[in-house]
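The values are calculated or read from the model by the stated rules, or taken from the named source; none is laboratory data. Worth saying up front: this structure is predicted, and the values here are computed from it rather than measured. Here the Cβ positions follow ideal geometry from the backbone for every residue, glycine too, while neighbour counts run over all protein chains shown.
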Amino acid sequence: MSVKPKLFYNKWQKMDAWVRQKMCTWVTMKRNSRFMRTSLTGHFRDQFPLTEQTVFFNCGAKSPLPLGAYRRLQQFYQENLIDAVLPRIQILEEHYLHLKTHLAQLIHAQPDEIAIIPNTSVGINIALNGIDLQPTDTVVLPKNDFPCNIYPWLEHARRHEFEIQFAGTFQHCTTDDILNAITPQTRVVSVSFVDYATGYCMDVARIGAECHRRNILFVVDGIQGIGVKELNVRAAQIDLLTCGGPKWLLTPFGIGFAYIRREAFSQIHPQFVGWLAYDWGDFTDFRSLDRQLRPDASRYEVGTLPHTAIAAFETILHDYFLPLGVPHIEAYLSDYTHELISLLESYGFRYAGPRAAHERSQILRVAAPGDTTAIYHQFRDHQVDISLRDGHLRFSPHFFNNGDDLDRLESVLTQLKF
């Protein structure tokens, strides 16, 4: 540990208890005035019972389920106890269509460009299996990306003999690294909107503009940014965006969505086709052999969908994200993460993520002032839920975090053994 943090910690421990109490009271009042009175806490805070016992800064791994979604799931199963699903097929269809409408609003797309999928990996596979890649083609990927956006492409490249061009290093990859890796042979660029480890936010609009100019298909993994970072997929000229729901969108496991730009349908062909990808009219005649693929993104959906999770997802977007608005969530988390960084750095921790405002996100990569693994386990023992990634601590707060969490975190920080 560096000398400065150790000196600060020792001085804090030796400080008169009355003075320490007054300092904590002043900091608490400051935080309460800034965070606890905002519309992003209060009612919404009460929707996450987990926060009563845990300081939860780990939505980059898996978010807690809000009460509204839990109650919707209960209602769905209670209805199924007394009524089969098929008589209520019209209600299920309404939830499905409402969900697509809400998701389209969230990312500034059209509902007919949204497909409901189980997870992010399925969306990546829609792209790599649907694009006709030739041995002379190259796919550009960030070298430090999450395996979801690397291994499917690697496996497909082994079988179809196209080239993978990695950009950046295992530690970092920037927007410029991606742009510099593009060559005349590049057919696809696939990146994460927000990096899972560093919190670096790609300038997808710059990349999208260059891809569009050079007739390159642009694929984006949005799971670490959608819902907390504003993104207009049309303005960014993204051809396919894939996003699982269980992180920042607060859903149960097993549901997500893909956006496929309408103009890209002809270049991204469905390779795994379910019967519901075809238009069956009123669902009374299944003997026809000349049905056509649906003209919208539902052509990429395979088989019967998880309608239980769809009902919960629709409730989450309707009750939380759309009333709050992503720009307000993003602004709140920008202020909140600045406060969180200041608190951690006052105890000898060091923020190790991007510094430029346009490159930052709600994911904080933090270097510990000692044995990182040991400190991580101390946090967990004190009910502070964070992640350990690439030798750093990862803090990832959401809109339900408030000043109480910062106060409880500070109480834990005074007890840590470096």
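Run down GLU359, GLU330, GLU339 and say which single residue is in contact with a Cys (Cβ under 7 Å, 6 or more places away or on another chain) and not assigned by TED's automatic domain parsing to the domain that holds ILE131. Step through it out loud before you land on a result.
Values: GLU330 fails: in contact with a Cys (Cβ under 7 Å, 6 or more places away or on another chain); GLU339 fails: in contact with a Cys (Cβ under 7 Å, 6 or more places away or on another chain).
Step by step, each of GLU359, GLU330, GLU339 is checked, and only GLU359 is in contact with a Cys (Cβ under 7 Å, 6 or more places away or on another chain) and not assigned by TED's automatic domain parsing to the domain that holds ILE131.
Just the residues that are under 22 Å from HIS156 (Cβ atoms), surrounded by fewer than 22 Cβ atoms within 10 Å (Cβ to Cβ) and either out of contact with any Asp or Glu (no Cβ under 6 Å at 6 or more places or on another chain) or without any contact (Cβ under 8 Å) to a residue 24 or more places away in the chain (or both), please, taken from region 176-190.
To start, the set of residues in region 176-190 that are under 22 Å from HIS156 (Cβ atoms) comprises 178, 181-190.
Subsequent filtering for residues that are surrounded by fewer than 22 Cβ atoms within 10 Å (Cβ to Cβ) retains 181-187.
Result: ALA181, ILE182, THR183, PRO184, GLN185, THR186.
Would you check if there is a residue in region 256-268 being among the hydrophobic types (A, V, I, L, M, F, W, C), outside the structural domain of SER361 (by TED's automatic domain parsing), over 16 Å from GLY123 (Cβ atoms) and touching an Asp or Glu at 6+ places or on another chain (Cβ under 9 Å)? Full working, then the answer.
Within region 256-268, the first condition is being among the hydrophobic types (A, V, I, L, M, F, W, C), and the residues that meet it are 257-258, 260, 264-265, 268.
Add one more test, that the residue is outside the structural domain of SER361 (by TED's automatic domain parsing), and what stays is 257-258, 260, 264-265, 268.
Next, from what is left, pick out any that are over 16 Å from GLY123 (Cβ atoms): none.
The answer is no, given that none of the residues of region 256-268 is among the hydrophobic types (A, V, I, L, M, F, W, C), outside the structural domain of SER361 (by TED's automatic domain parsing), over 16 Å from GLY123 (Cβ atoms) and touching an Asp or Glu at 6+ places or on another chain (Cβ under 9 Å).
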Scanning region 208-230 for residues that are touching a residue at least 60 places away in the same chain (Cβ under 8 Å), out of contact with any Cys (no Cβ under 6 Å at 6 or more places or on another chain) and in a loop (DSSP other than H, G, I, E, B), the one surrounded by the most Cβ atoms within 10 Å (Cβ to Cβ) turns out to be GLY227
So, first residue closer than 14 Å to SER334 by Cα in region 382-405, second residue at pLDDT 95 or above and of a type in the set (Gly, Ala, Ser), Cβ within less than 7 Å, six or more apart or across chains; the pairs are SER396/GLY60; HIS398/SER63
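Show me the helices (runs of 4 or more DSSP H) found entirely inside region 70-171 where at least 1 residues are over 28 Å from ARG234 (Cα atoms) and at pLDDT 95 or above. Break it down stepwise before answering.
Working: elements: 89-107, 120-130, 151-160.
Fully inside region 70-171 and qualifying: 151-160.
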Residue within region 261-268 that is without any contact (Cβ under 8 Å) to a residue 60 or more places away in the chain, surrounded by fewer than 24 Cβ atoms within 10 Å (Cβ to Cβ), within 28 Å of ALA309 (Cα to Cα) and out of contact with any His (no Cβ under 6 Å at 6 or more places or on another chain) present: yes
The residue from PRO354, PRO369 that alone is in contact with a Cys (Cβ under 8 Å, 6 or more places away or on another chain), assigned by TED's automatic domain parsing to the domain that holds THR51 and assigned to a loop (DSSP other than H, G, I, E, B) is PRO354
